[in-house]
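A.B. asks: One structure follows; several queries about it will come next.
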Amino acid sequence: MLTLERLRRKIQSAEDLHAIVKTMKTLAAINVRHYEEAVEAVSGYYRTIEMGLQVVLQKGEGEVVSKISGKEKTAGCAVVFGSDHGLCGGFNSQITSYALESMYSKSIAHERYVLLCVGVRAADLIEERGHPVEEIFPVPASHSELVETGYKIVTALNSLEEKGKITKVILFHHKLLSSTSCKPQTAHLLPLDQEWLDALAGKKWPSHIIPTFTMERRKLFSTLVRQYIFVLLYRALAESMASENASRLSSMQTAEKNIKETVEGLNMSYRHQYQTSITEELLDIVAGFEALQSEGKQF
């Protein structure tokens, strides 16, 4: 049985741990909102790029689309967004399993996929299953680092495309469902969806006057596509980071509940043992008093 002193130390340790968990839960909740705001902020820029593509396509779709979307889709690149920050449950195992199963479900030999990964831990899980990772990118430590990581991924994709290693790109990342839940999802980055391009080309402009441009059409289209690719990568990063913090928030809520239950149990044990020790001391006093009385009567 634990002594009262040891019980006091265990209660203090549990209360200190509860304070840490509570702080981490608060930080995770704040970060979820920050990354949600990053997703919301990029939505307006995405809409601007989409409108720019709409103008270019309405003034000559056939001239610009063939070069980018008309390639034979023979080699692919999968970008998996994981986490290195810890305390977020099965975040990495979920996204890596989902990515590999998704590639298998399409009956495409996995050797034909070039794998890029955000986060060392997710990359390790992928390589443990026999799939080499071409390049690993650091997980953003804050929302201010999303742009830097996004540009690094874009640079790597451009290099792979120039070498002729890939003709399509698929993103695997978590999407936020609520402040404490998320799920893995797939986003097709390249080649551009022909149906989406056709829809843009045929979409009615919101005003009576369609904007004009002086830049060469193909060059403008390529520039807009590069921005479109970056925005989708940025959004995937932001959604992944928001989901990571949602997973961490959920884990901290569970930990906080368990710690509270542990502290309650320890307090009950402490009170019971304290009461028992008092009772034993009182019984010792009574027994001693009775013994003294008995000795007095004998004399």
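A.B. asks: Given the options E195, E145, E128, name the one that is surrounded by fewer than 12 Cβ atoms within 10 Å (Cβ to Cβ) and within 29 Å of S251 (Cα to Cα).
C.D. replies: Working: E195 fails: within 29 Å of S251 (Cα to Cα); E145 fails: surrounded by fewer than 12 Cβ atoms within 10 Å (Cβ to Cβ).
Among E195, E145, E128, only E128 is surrounded by fewer than 12 Cβ atoms within 10 Å (Cβ to Cβ) and within 29 Å of S251 (Cα to Cα).
A.B. asks: Could you pull out the residue among L237, L190, L224 that is under 24 Å from the mean Cα position of the chain (by Cα) and either more than 23 Å from A141 (Cβ to Cβ) or surrounded by fewer than 13 Cβ atoms within 10 Å (Cβ to Cβ) (or both)? I'd like the intermediate steps shown before the answer.
C.D. replies: Working: L237 fails: either more than 23 Å from A141 (Cβ to Cβ) or surrounded by fewer than 13 Cβ atoms within 10 Å (Cβ to Cβ) (or both); L224 fails: under 24 Å from the mean Cα position of the chain (by Cα).
The conditions single out L190.
A.B. asks: List pairs: first in region 141-154 and within 15 Å of G119 (Cβ to Cβ), second assigned to a helix (DSSP H, G or I) and aliphatic (A, V, I, L, M), Cβ under 7 Å, 6+ apart or cross-chain?
C.D. replies: That search, which allows pairs on different chains as well, returns L146/A38; L146/L237; L146/A238; T149/L237; G150/L233; G150/L237; I153/L233.
Let's see how each residue does on (1) in a helix (DSSP H, G or I); (2) crowded, with 19+ Cβ neighbours inside 10 Å; (3) at pLDDT below 90:
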residue: A28; (1), (2), (3): yes, yes, no
residue: Y46; (1), (2), (3): yes, no, no
residue: M51; (1), (2), (3): yes, no, no
residue: L57; (1), (2), (3): yes, yes, yes
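A.B. asks: While we're looking at this one, here's another question. What pairs come out if I take residues in region 185-212 that are within 25 Å of A238 (Cβ to Cβ) and pair them with residues that are surrounded by 11 or more Cβ atoms within 10 Å (Cβ to Cβ) and of a type in the set (K, R) whose C-beta lies under 6 Å away, six or more apart or interchain?
C.D. replies: Going by the 6 Å Cβ cut-off, the qualifying pairs are Q185/K175; L190/K168; P191/K168.
A.B. asks: What is the one condition in (1) more than 30 Å from I30 (Cα to Cα); (2) among the β-branched types (V, I, T); (3) out of contact with any Gly (no Cβ under 7 Å at 6 or more places or on another chain) that I166 does not satisfy?
C.D. replies: For I166, the exception is condition (3).
A.B. asks: Still on this structure, I have one more. When you go through (1) touching a residue at least 24 places away in the same chain (Cβ under 8 Å); (2) of a type outside the set (A, V, I, L, M, F, W, C); (3) within 21 Å of N31 (Cβ to Cβ) one by one for T254, which number turns out not to apply?
C.D. replies: Against the list (1) touching a residue at least 24 places away in the same chain (Cβ under 8 Å); (2) of a type outside the set (A, V, I, L, M, F, W, C); (3) within 21 Å of N31 (Cβ to Cβ), T254 comes up short only on (1).
A.B. asks: A further question on this structure: Just checking, does region 94-115 include any residue being acidic (D, E) and either touching a Cys at 6+ places or on another chain (Cβ under 8 Å) or under 24 Å from A242 (Cα atoms) (or both)?
C.D. replies: Going through region 94-115, the residues acidic (D, E) turn out to be 101, 111.
Still in the list and also either touching a Cys at 6+ places or on another chain (Cβ under 8 Å) or under 24 Å from A242 (Cα atoms) (or both): 101.
Looking for residues that are acidic (D, E) and either touching a Cys at 6+ places or on another chain (Cβ under 8 Å) or under 24 Å from A242 (Cα atoms) (or both), one finds at least one in region 94-115, hence yes.
A.B. asks: Residues that are in contact with an Asp or Glu (Cβ under 6 Å, 6 or more places away or on another chain), of a type in the set (F, W, Y) and closer than 17 Å to E40 by Cα: which strands (runs of 3 or more DSSP E) entirely in region 124-243 hold 1 or more of them? Break it down into steps so the answer makes sense when it comes.
C.D. replies: Details: elements: 135-137, 168-178, 181-190.
Where strands (runs of 3 or more DSSP E) fall fully within region 124-243, none carries at least 1 residues being in contact with an Asp or Glu (Cβ under 6 Å, 6 or more places away or on another chain), of a type in the set (F, W, Y) and closer than 17 Å to E40 by Cα.
A.B. asks: May I pose another question? The conditions are (1) of a type in the set (K, R); (2) more than 15 Å from H34 (Cα to Cα); (3) in contact with a strand residue (DSSP E or B) (Cβ under 9 Å, 6 or more places away or on another chain), and R226 fails exactly one of them. Which is it?
C.D. replies: Among (1) of a type in the set (K, R); (2) more than 15 Å from H34 (Cα to Cα); (3) in contact with a strand residue (DSSP E or B) (Cβ under 9 Å, 6 or more places away or on another chain), the lone unmet condition for R226 is (3).
The values are calculated or read from the model by the stated rules, or taken from the named source; none is laboratory data. Please read all numbers here as calculations on a predicted model, not as lab measurements. Note that each Cβ is placed from the backbone with ideal geometry, even for glycine, and that neighbours are counted across all protein chains shown.
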